[in-house]
Amino acid sequence: MDGKAVKAILGKNIKSIRSHRELTQAVLAEKANISVIFLSSIERGTKYPKADILARIAQVLDVEIFELFKGDLVPSDTKKLITNISKDITKKINSALNDIFKQYLR
């Protein structure tokens, strides 16, 4: 794997985790003490952060640094399906819990 591929995987993973955590680029950049422009460049795979910046990004995203470099183990269409199913399940569980609490807390 060449440096370009590593940058692409890193950027894709940061963006994916950030989106999953429902963080905007602005929020992640602020918490990691970097500019939004630099974060955007990292996510696009055109820039590579120094180790201290990488550590701050991982800390804000609440992941280990090595997780930012994992290659695709699951195809993106499958990831989207899993994410959508997970969101639907979470919504239904929350709705059911709300109904139960309403029933017992009248």
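Every read-out reported here was derived from the displayed coordinates using simple, explicitly stated rules and does not represent laboratory data. Predicted model only: the values in this text are computed from it and were never measured. Neighbour counts are summed over all protein chains in view; Cβ atoms, including those assigned to glycine, are modelled from backbone coordinates with ideal geometry.
Given a cut-off of under 8 Å on Cα pairs at least six residues apart, what relative contact order in percent is computed for the chain?
The normalised contact order for the chain reaches 29 percent.
For Tyr48 and Lys80, what is the calculated FRET efficiency with R₀ set at 30 Å and r taken between the beta-carbons, to the nearest 0.05? Let's see the in-between values first.
Working: r = 27 Å, r/R0 = 0.89.
With a Förster radius of 30 Å, E is 0.65.
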Residue-averaged 222 nm ellipticity for the chain, from DSSP H runs of 4+ at -39500 (n - 2.57), nearest 500: -23000 deg cm²/dmol
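Among the listed pairs Lys50/Lys70; Lys4/Lys50; Lys15/Lys92; Lys12/Lys91, which are separated by more than 21 Å between their Cα atoms?
Numbers: Lys50/Lys70 18 Å; Lys4/Lys50 16 Å; Lys15/Lys92 27 Å; Lys12/Lys91 26 Å.
Table pairs above 21 Å Cα-Cα are Lys15/Lys92; Lys12/Lys91.
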How long is the gain from Glu64 to Lys87 if the chain were fully straight, where each residue apart is worth 0.36 nm and the alpha carbon distance is subtracted? 5.9 nm
